[in-house]
Amino acid sequence: MASMNKKKRGINDELASMVKQKYQISADANREAHQRALDCLKQMKGTLFDSLVDEGYEQYKDVQMNITHPIVMGFKAMLSEILDPIMSQPFTLEPTPIVELPPDVAQRLRDAVRNRLPELVQLAGGDQSKLANIIDEFTSATKQYEFESAQRSAERMTKSVRDKLVQADFEKEFNDWLYNFVVYPMAIIKGPIYVVDSKRKWGTFGLTFTDEVVMKVKNISPFDFFPAPKAKDPHTCPYVIERMRVHAGQLVDMSASDDGYDSESIDLALDDYDSFIIPYSVGNSEDAPDSDPEISSVCSSDDGYYDLLIYYGRIRGKALAMYGVQVEDERRFYEAEVWVLGDFVIKATLNPNDKGRRPFEVKAFSSTTGEMWGKSPVEIIRDSQRQCTVAGRALARNMEFSSAPIGEVLARNVLGEDDPQELYPMMLRAVSATQGGQNVYRFYSVPSLANELMAVYDKFYRVGFDLLGIPPLAFGDTTGSATLGRTSGGVAMVMNQASKAVKQTMASVEREITKPLIQKFVDEEMIFNSDTSVRGDVEVQVNGVRSLAEREAKEGSLEWALQSLAPFAQGVQISPEVIMRLVREIFEQRGIDTTGLPSFDMLDAVRSDLSDQAGADPTAGGASPTAQLDGRSQVAINQIEGN
């Protein structure tokens, strides 16, 4: 180790050794889970079942029949349309119900009542109960005013938070997190975290770039996440460790910053290590997962990349105090962050979260009670993928054998010096007689099993959708949906019924990931935003899945009404206006441009005015509203009655 004073070196060694020891324990405890994650990655790439090839037929290893990738990526796209916090914005900020007035407002109300008490007593006529009612009305009006003010603050806060989410790259990181969510046994997202980022600004001197501290979120690879053994969630377990890969330039920036990094330790580490890469706990050099695809190819040959271990957990106050961290009681344990590079502690600080929560939110597609790691869609459809791969390889072998006849030859009976196995069309061979009159050349045909094997493939392809609870109809495949796939109402019915389990999963993502993450951004705005007009007691309400269900139900009802009434529009039973109103509303529900369709707002307003002018005689100038049309037009009835 490079030069460091004896006292600091001892403290450094103690903390660094503790973190590395905890990391090794966590790596061993999570090895099976990481192996499962690696298998999921291989399955997405189509290489998991390379070993399912008989000896001598290795050429069929490349026949993968990969159904996992299209199914899972289609599923991810469907989730993204509903859960994306930027594009879909499936959240609102709502003020909490005001049960008690703020102290300053309550004091002003009391002062106002005290100053106007004689006037209020006179207004109540000396009746104490009436006076109490008047004061209650004042209080209710004040609470209503405060609530409306809080609503306006919530609206302004919504715009501010959405802007912060855009700056935090939330859309990109959340999209990457959704990929991990549908592929791996657990998906992890980190944030908000504070980083220095270059911001574009337009001013007097044109476009400039300035460094600012901004909030960010980051999708974390499951291969870089090491919770403590038997952890149930990242906040209550003894500790979690994150492995972060950085380059030398980032370390230099850390050393120059005032964000709690130990510049001396960083400089010594850069002197001691040209690079420091911690190997993956699963796989080998050929199939190790790519934690960061952009630099994975250079880490093996170039210097300048370093793996950090970041420990989030409880540490005794005495150890923190020795490192220079201020604590109230050295006997207590405190939530802390410790950053370790090799043998050097480059940062040690208390957890900045007041509630002691760590900056991670985790979620598994199919959760297992009492465990952080669950089961992913890739694992759920693995049996279907295995059967499809086996059927595809069997089909390739069968097609090769059945595409041409297989023959045998009695070589000793073929005359001449040419190769008896060489045959071509219109060829004549001189042969000698055989015993028993056998043919010198005999040919056999291998029956084609293409239809049977394709039926197996198709069957298990659809089983994959069934296992996930998603109909193939969701991706535009109407095969097997009979007449249901021919009408929009039938499609809506199938989708609404078949995706209930998926909707429950999406609702849990909103509840356990989207809501707490956005609430963190709201809390940060409450504390640090200098604009007091955005501050208020607001809570995040997620409504993406609920809005989807309501929209689907309304669209289904509108489409049912349109299909039910359309046959009657051919005659005179149903006015074309009714049909056009339904068409316009369906278009508006689905976000389709209604340019060119008639707008009924003006027509309804005119009718309302005419109705008001008619007064007590609504039938003036027209037929009785109770007249029976009997399938005839009103014009025909008037002519008949006039005659």
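The values are calculated or read from the model by the stated rules, or taken from the named source; none is laboratory data. Predicted model only: the values in this text are computed from it and were never measured. Neighbour counts run over all protein chains shown; Cβ positions are idealised from the backbone, glycine included. What goes into the accessible areas is simple: the full protein's heavy atoms, side chains included, and nothing from ligands, DNA or RNA. Shrake-Rupley method; radii C 1.70, N 1.55, O 1.52, S 1.80 Å.
In debye, nearest 20: dipole of segment 395-476 around its Cα centre with unit charges on the Cβ of K, R (+) and D, E (-)?
With only Lys, Arg, Asp and Glu charged at Cβ, the dipole is about 220 debye.
Give me the extension gain from Ser599 to Val463: residue separation times 0.36 nm, minus the current Cα-Cα distance, reported in nm with one decimal.
That pair, Ser599 and Val463, stretches by 44.3 nm at full extension.
Is there a pair in Lys318/Lys515; Lys8/Lys363; Lys347/Lys520; Lys218/Lys347 whose C-alpha atoms are over 31 Å apart, and which pairs would that be?
Lys318/Lys515; Lys8/Lys363
Compute the Cα gyration tensor for segment 339-443, then decide on rounded, prolate or oblate, letting a ≥ b ≥ c be the square roots of its eigenvalues: rounded whenever a/c is under 1.5, prolate when a/b is larger than b/c in the other cases, and oblate in all that remain.
Prolate, because a/c is 1.5 or more and a/b exceeds b/c.
Output needed for segment 188-264: three equivalent-ellipsoid semi-axes, defined as square roots of 5 times the C-alpha gyration tensor eigenvalues, in descending order, whole Å.
33, 16, 11
When every alpha-carbon pair in segment 31-79 is counted, what percent end up more than 16 Å apart? Don't skip to the end; give the middle numbers.
Values: 609 of 1176 pairs.
Distances greater than 16 Å cover 52 percent of the Cα pairs.
Counting only other residues whose beta carbon sits under 12 Å from that of Tyr334, what net charge do I get with K and R as +1, D and E as -1?
Summing Lys/Arg as +1 and Asp/Glu as -1 gives 0.
Just subtract the alpha-carbon distance of Gln35 and Met454 from 0.36 nm times their residue separation and send over the number in nm, one decimal. Working shown, then result.
On the way: separation 419, 0.36 × 419 = 150.84 nm, distance 3.18 nm.
Full extension from Gln35 to Met454 adds 147.7 nm.
Given the options Ile188, Ile220, Gln151, identify the residue whose Cα lies farthest towards the positive end of the charge dipole of segment 147-231 (+1 on Cβ of Lys, Arg; -1 on Cβ of Asp, Glu).
Farthest towards the positive end: Gln151.
Given a 1.4 Å probe and every protein chain left where it sits, what share in percent of the accessible area of segment 365-473 is carbon and sulfur? Working shown, then result.
Values: 3700 of 6820 Å².
Solvent-exposed carbon and sulfur of segment 365-473 make up 54 percent of the total.
So if each residue of separation counts as 0.36 nm, and I subtract the Cα-Cα distance between Ala256 and Arg442, what length gain in nm does that give?
Taking 0.36 nm per residue and subtracting the Cα distance, the gain is 58.6 nm.
List, in the order given, every pair from Lys22/Lys503; Lys216/Lys355; Lys143/Lys172; Lys159/Lys503 whose Cα-Cα distance in the structure shown is over 31 Å.
The pairs that break the limit, which is 31 Å between Cα atoms, are Lys22/Lys503; Lys143/Lys172.
Sum up the charges of everything whose Cβ sits under 12 Å from the Cβ of Ser281, counting Lys and Arg as +1 and Asp and Glu as -1, but leave Ser281 out. Walk me through the intermediate numbers first.
Working: positive: Arg31, Arg243; negative: Asp28, Glu32, Asp224.
Taking every Cβ under 12 Å from that of Ser281, the sum is -1.
On average, how much accessible surface per residue is there in segment 378-449, in Å², for a 1.4 Å probe, leaving out ligands, DNA and RNA? Present the calculation step by step, with values, prior to reporting the outcome.
Values: 4940 Å² over 72 residues.
That works out to 69 Å² per residue.
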